[in-house]
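The values are calculated or read from the model by the stated rules, or taken from the named source; none is laboratory data. Please read these numbers as outputs of a predicted model, since none were measured by experiment. In this analysis, Cβ positions are derived from the backbone assuming ideal geometry, glycine residues included, and neighbour counts consider all displayed protein chains. Just so you know, the surface numbers come from the protein's heavy atoms only, side chains and all, with ligands and any DNA or RNA stripped out. Shrake-Rupley method; radii C 1.70, N 1.55, O 1.52, S 1.80 Å.
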Amino acid sequence: MSSKREHEGNASVNTEGFELHPKRQKLNEHSSPSPASEGTLLPGFNYGDVDDEDNHRRPPVSGFNGDGGDNQKGVQNGGQVGELEDDDDDDDDLEQGLYQRRGREIEVRRDCPYLDTVNRQVLDFDFEKFCSLSLSNLNVYACLVCGKYYQGRGKKSHAYTHSLEAGHHVYINLRTEKVYCLPDGYEISDPSLDDIRHVLNPRFTEEQVEQIDKNKQWSRTLDGSDYLPGMVGLNNIKETDFVNVTIQSLMRVTPLRNFFLIPKNYQHCKSPLVHRFGELTRKIWHARNFKGQVSPHEFLQAVMKASKKRFRIGAQSDPVEFMSWLLNTLHANLRTSKKNSSIIYECFQGELEVVKEIPNKGIEKIESGDDQNSGAATENKGIVKETYKMPFLMLGLDLPPPPLFKDVMEKNIIPQVPLFNILKKFDGETVTEVVRPRISRMRYRVIRLPQYLILHMQRFTKNNFFVEKNPTLVNFPVKNLELKDYIPLSTTKENERLRSKYDLIANIVHDGKPGEGSYRVFVQRKSEELWYEMQDLHVSETLPQMVALSETYMQIYEQQQ
């Protein structure tokens, strides 16, 4: 079977006009082209360098006539070639789809004369792993001298060219974490580079994860500033404070955080969103960061893709909507086929009993239970009554409308309401009027409480003209919120103790006008039981009394064990 180029006139000149090597031409006559030659290779994405990890997956080379390379002889004689580096002159062979390669063993050295040129100050692994020139995400290396990303390390690759032009010689493969010296091509094995590998891909053992809440030690960045692991600021890339406050709140949920700190817990999952969330979790809690903040850039890209740009960089969104979408999406990606459960449901899922009363005027047919688990419908005096159970991940609380008039001093009255008053919505007796999808009266009762209770205050109402914000302050306890005093609760088993006491661990606040303002969050650090106020990159210690003096928007409470 002859190659495609021979059909075009047996020309011995390749597309760039260079004469082909006679030995290589002979090889073309005796080898059959691989299926890859039938498709066109992308220009600019082929640099004669498939990384060494791909060689381990490639089967032994066959089809040579005995005059192959050193690699062929080594395999035939039963010798181990070791790690193979691709021949850098094989661009023409690749162009014709011939993946038979000659290789040579990669030299591994400890003493590299260029290690003192490595500049940790410029290294930033928070951004997408794309080559800065070809924009390809295949086989990307970071230059450890200037911090830029380049593709490949073969003789026609961008990294190789950069090493010659700029005189920068040390590169790390962003996937395999191996460090190479270019243009010499040898691998550097030096333990002094381990801190860079830990920043690129933070690692935690199960013992470290168990001790993480007992750690009171501060860490130091390269510029000498101190930070607390887990209390690092998140970069606001462009109006992404709604993402930052949600992430900072979820980082206080211990089982969720511990699950995502160990990547093997979700290695079966194919969702990029899950892996980016895990990566961000490990970076926030890592004690050996080069800088005291993290950019959630890769996580935001995964969010934009997974949400089909419902949440995106540059457009302000609602943290309640984002929290709801994120928890449901993570659950859908993490749940196993055997049982409809995940770490999300284990932490946040509770259950409600809903009683729905609909006036039976002009309604011909009532369907029992719309998308609910179980339901029963009865009719009495023209009112159809439905009862069903419904799971929930968060509870929405209605604020009383603000007063219309100013006080004697012509000042706006800022109303206040205790949390217990608005929690009565879920006592099973208080009636809530609902207009959509049809006029009905609803009564809700909490049957099962979750380990972590998310409450959100419905501050924003949208009418035909604009969005209004309710300024009512909610008075709530930071510790020992006892729910059974306000909501009738029952234990599921006889000997089971009713756990209804909660402590606040995160409180998201909205400042400013509706549609404009910004979000910040108060979170508690368990190791010291201190409260911190976090707004993007700003992290400062605060008093517990200050937490309750703000226009709270969403809260996470932890059940006392």
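A few points about this structure:
- Remark: segment 108-198 carries a charge dipole of roughly 340 debye about the Cα centre, counting +1 on each Lys and Arg Cβ and -1 on each Asp and Glu Cβ.
- Apportionment of accessible area to carbon and sulfur, segment 203-334, percent (1.4 Å): 47 percent
- With a Förster radius of 25 Å applied to the beta-carbon distance between VAL209 and ARG499, the computed FRET efficiency rounds to 0.55.
- Sum of side-chain charges, LEU228 neighbourhood, beta-carbon under 15 Å (Lys, Arg +1; Asp, Glu -1): +4
- Counting heavy atoms of the protein chains alone, LYS216 has an accessible area of about 120 Å² for a 1.4 Å probe.
- Stretchable slack from ARG120 to SER192, in nm (0.36 nm times residue separation minus alpha-carbon distance): 24.7 nm
- Of the residues PHE242, PHE204, ranked by 1.4 Å probe accessible area with the largest first, the sequence reads PHE204, PHE242.
- Assigned charges on the beta-carbon of Lys, Arg, Asp, Glu; segment 177-270 dipole about Cα centre (debye): 440 debye
- For GLU516, the accessible area of its heavy atoms, probed at 1.4 Å with every protein chain present, is near 120 square angstrom.
- Phi-derived couplings, Karplus 6.51 cos²θ - 1.76 cosθ + 1.60 at θ = phi - 60°, listed residue by residue for segment 268-281: 6, 7, 9, 6, x, 4, 4, 5, 5, 5, x, 4, 5, 4 Hz, with x used for Gly and Pro.
- Segment 108-198 - Rg over Rh from alpha carbon coordinates, Kirkwood radius: 0.92
- Equivalent ellipsoid semi-axes, segment 161-225, via Cα gyration tensor eigenvalues times 5, rooted, Å: 33, 15, 9
- Note on GLN267/LEU135: beta-carbon distance plugged into 1/(1 + (r/R0)^6) with R0 of 35 Å gives a FRET efficiency of 0.80.
- Within segment 203-334, the proportion of Cα pairs with more than 24 Å between them is 28 percent.
- Heavy-atom surface of segment 435-514, accessible at 1.4 Å and reported per residue (Å²): 57 Å²
- Judged by the gyration tensor of its Cα atoms, with axes a ≥ b ≥ c, segment 432-524 is oblate; a/c meets the 1.5 cut and b/c is at least as large as a/b.
- For segment 108-198, carbon and sulfur atoms together expose 50% of the accessible surface, with a 1.4 angstrom probe and every protein chain in place.
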